[in-house]
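Written out below as structure tokens is the structure these notes cover.
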């Protein structure tokens, strides 16, 4: 048995990365501190003020200036030239004639007037002011800005609300600002300790909701939204954006796996397409998310099989300022044809006015190996089972286990009874826990560095992040390296320019084993070994025991799962870069023109190597595919293979908007904007396959094709190319009117056109109208102080989507060189449908926003009823047309539901605060106008693969099959209920002719209720938080379904199977005859997927300011987070979050996080 090392460690290369980043920060600070000695200044200025001069010097040296503007204003304008002059020389030359001097403190230059008696030697004195910024309840305000009034010099409060700032002794005033609070000017009066209490600005205290096209105060928002701030994501050790959304947004259903780097699947308010995508659109800083991988399937190379299915994985959670989920038409209709599945808007961080701030965070995570909570047989039970089965069944099992094979050899006279029992006893000494043997404890590390700051005119933000994660499956690693930079410059009061650049490099490695490691760990026999006593790979002769027709023994007799995992590898490399530019021009007050463009390029390369001598290469072999189902390939031909696929794309989006905002007499507020947007995306892909590959020498080859007919040669498998082009053009407008912020009406209209669905239905008009009534603004509630907000909302409109599963042109595949009448004959084709059109969703929503007791209780209610029309589905055709059905826009999908979002401040004291949040959503989904009008129209035979069907008035995720009535006590066969009554039918009566009234609706695969709740407690320097999520009302596949008799391990339930007439049991007879209990879709193959999961528990500690000052930091936080701690469920599978699939399970993860800033 192979030894396992215990303990945790940080690999050397990770230490090198950390050391390098620390060195970079140290070097940057060192260079900045010595800028006066290093930087040479070049100037050619005419008629400029001292203020303009200092700004220009600041650009070239990154030094900040503190001065008395009134004193320098008296001098007027000057002319100045300089060439490679030091800052000391320049300042002395300019200031001396006007009786001014300067002093340099770090990166700050203080300009002062010389004393009349001793002007040359006077040096201004500096004092250090410190203190704490709080609200009226004594709660610390994190990130409040304290600046020297009239300058850009300042600082921000740390996680404890504390600050420290050096100012000249003659400085009289400080300016303190914080979003949602009234700006405050504070008199210094020589004090060194100044504690500041800010008052809430009731007009601005509510969050500003960023919708992508504009920012709207919550009081004026007519749509249904949910916002998650950066503060809510801090200290959780998040590695992906989706983690922040899990269980925090009412109506958002997420499915995620434990595979590092894999994008989660997200649905908002149910299913809006039967066959197309149900994922929402991501908007980042006002532009649609770039970086998607081409959805092109060519031959057997499906580029979407990689984990990088969208560009959202390019973002680091540490770069995000806020995430806003838009759910109804009032919020999403402005996005038109891409908004039917909802919109998720991300606003990234940007530079703030003030000195440059540096922030660094380190996450170190440990993920436990998954645990098998399914009761499979141990060695003693499996030996007992095989002995009984050999006795019960007269005929031999085609694929026997080792015990049955030994008994067979005894019956054939090859072993004596003593030899037989000795061999079985030897197997009984082994009892392998395959989960412990295969899976491992995994390590993850994440480093994030950012710096931001700027002056009143120019702000900058730059970040670098690196993430590396191991999977719990061996040969699985994922890494992401990203850089983003954003700069905002205002050359004048009316123009603001924002430029951005981001680059992401991702790398994923995972086993390419044909055998799923999780499935193997579940079904491998416990009497098999992973390693021989000498440490070599042991052969599992019972997992794939197919007898060979070419040689004695098995077709493949050297199967070992660890060999398969490690020697078959898929490597994916993804590179993405985009550059953006945004220009905002205020033509006149209130009238703003904005042009915004982004250009993206990305490349994805996938390389899959199957090792020589592996079972995976043997079964996937190109030569094997040409032998047919009955052919057998010699194992020596498994000489390895190489499959490479590459896709690259470039895209751009350009939009122009003209907006006008006007507030009339503080009574009428009007906002109008119109815009135009164009988008184009081109992608190309190609792949090649080499049936023979020597990885060591990087040599490819091809097998001899002796005996293979030319028409059977699969040429498409060897290589192909693909190209995809899509374009979208849009025109849109939005109007919002508010009367005293009491009555708000909004409306929007969008006209989208796409080339994907041809010219006939290329454009579609989409629109919405919405209202809001802020009842708390009415006079009759003015005296009711405990009601802070009471608002009613309502909206109606249309959004849309395109399902590319049907196209207006013919699609066919040319695979083999077969001609008819000198024309190549396609091997497959898809009929065109020239009438394909947009899928449009009619969206209706009404809602209530309520805040009570000084915003200590906040309630959000929504009811919606959405109908998606013209959904692609099968349509009956007349037989005379040459085919029975076609894919067309014929079906409708109905989604209606209720959402509740509740937040409560349980305690709000000076040193103790306690918050709690709860959300729940109910959704009912039904299909209308579909192919099958009732359950009776379904085929009479429903197999496991056909369990999902679309039936009129049933959910889109409905399960269909047979309701088990029990086991026939005389025969051990399965009895099922007839659909119309309680009568039963024996499924063994006639396998090929099932009565027509047997099929029933078995349940919905999509949860009816989703939600979550969380709590946060702040006590002094400590922050505790916990999050839980739940889903209920759905049925998912069970891991306890019965299997056909084979050589693999089985569930312990099979020990209680029917064995003889008269047995009363719920487990049918196991027979080598047609497996009725495994072929058909029975309700015993499903079970409730309800669960309650502890998403995370986190404890953080904010280090006191007095400790940090000693090491030069202004903030630091230590936190520990435990994720996926436990799941409460009746589901008997491994992980109900996987929705019944044999996927990558989620495991407990422990993360240690250190954040500090300076």
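Each of the peptides 81-94, 1019-1032, 927-940 was scored by the mean count of other Cβ atoms within 10 Å over its residues; in descending order, highest first, they stand as 1019-1032, 927-940, 81-94. Once the C-beta distance of residue 40 and residue 200 is scaled by a Förster radius of 30 Å, the resulting FRET efficiency is 0.05 to the nearest 0.05. Based on the Cβ-Cβ distance from residue 60 to residue 173, what FRET efficiency comes out when R0 is 25 Å, to the nearest 0.05? Plugging the Cβ-Cβ distance into 1/(1 + (r/R0)^6) gives 0.30. Relative to one another, the C-alpha centroids of the stretch 896-954 and the stretch 1046-1113 are positioned 22 Å apart.
Residue exposure proxy: 766, 790, 1125, ordered by other Cβ atoms within 10 angstrom of their Cβ from fewest to most, comes out as 1125, 790, 766.
When a footprinting reagent is the concern and you count Cβ atoms within 10 Å, what order do 241, 353 take, fewest first? Walk me through the numbers before you get to the answer.
Values: 241 24, 353 18.
Fewest-to-most Cβ neighbours within 10 Å comes out as 353, 241.
A simple spin-label model places pseudo-atoms 7 Å from Cα toward Cβ; at residue 696 and residue 1044 they are separated by 4.0 nm.
Residues 573, 231, arranged from fewest to most other Cβ atoms within 10 angstrom of their Cβ, appear as 231, 573. Taking 0.36 nm per residue of separation and subtracting the Cα-Cα distance, full extension of the segment from residue 971 to residue 1118 would add 46.4 nm.
Compared with the dominant principal axis of the Cα atoms in the chain, helix 50-61 is inclined by about 40°. The structure-derived value of mean projected area of the Cα convex hull in nm² appears in the list (1) 60.3; (2) 54.8; (3) 52.4 under the label (2).
Each peptide in 830-842, 1002-1014, 332-344 receives the mean, over its residues, of other Cβ atoms within 10 Å, and ordering these scores from highest gives 332-344, 1002-1014, 830-842. Applying 0.36 nm per residue to the separation of residue 595 and residue 824 and subtracting their alpha-carbon distance, the gain on full extension is 77.5 nm.
Need one number: % antiparallel among DSSP beta bridges in the chain, to the nearest 5.
Numbers: 382 of 394 bridges.
The answer is about 95 percent antiparallel.
Name the residues of the stretch 571-594 whose amide N is less than 18 Å from a point 7 angstrom out from the Cα of residue 507 along the C-beta direction? 571-577, by backbone N distance to the label point. For residue 1059, put the label point 7 Å out on the Cα→Cβ axis and report which residues of the stretch 369-388 keep their amide N under 14 Å from it. From the stretch 369-388, the list is 381-388.
Between residue 549 and residue 412, what FRET efficiency comes out of the Förster formula 1/(1 + (r/R0)^6) with R0 = 30 Å and r the beta carbon distance, rounded to 0.05?
On the way: r = 20 Å, r/R0 = 0.66.
So the FRET efficiency works out to roughly 0.95.
The protection proxy used here, the mean number of other Cβ atoms lying within 10 Å of each residue, ranks peptides 888-898, 417-427 as follows, highest first: 888-898, 417-427. Here each label is just a point 7 Å from Cα along the line to Cβ, and for residue 68 and residue 918 those points are 6.2 nm apart. If the segment from residue 125 to residue 781 were pulled out straight at 0.36 nm per residue, it would be longer than the present Cα-Cα gap by 230.7 nm.
For the stretch 1006-1033, backbone nitrogen atoms closer than 17 Å to the point 7 Å from residue 906 Cα along Cα-to-C-beta are found at 1012-1020, 1022-1029. With a simple spin-label model that places each label point 7 Å from the Cα along the Cα-to-Cβ direction, the separation between residue 532 and residue 387 comes to 3.0 nm.
Throughout, read-outs are computed from the coordinates displayed, never taken from laboratory work. As the structure is a computational prediction, the values presented were derived from the model and not from experiment. All Cβ positions, even for glycine, are placed from backbone atoms using ideal geometry, and neighbour counts span all protein chains on display.
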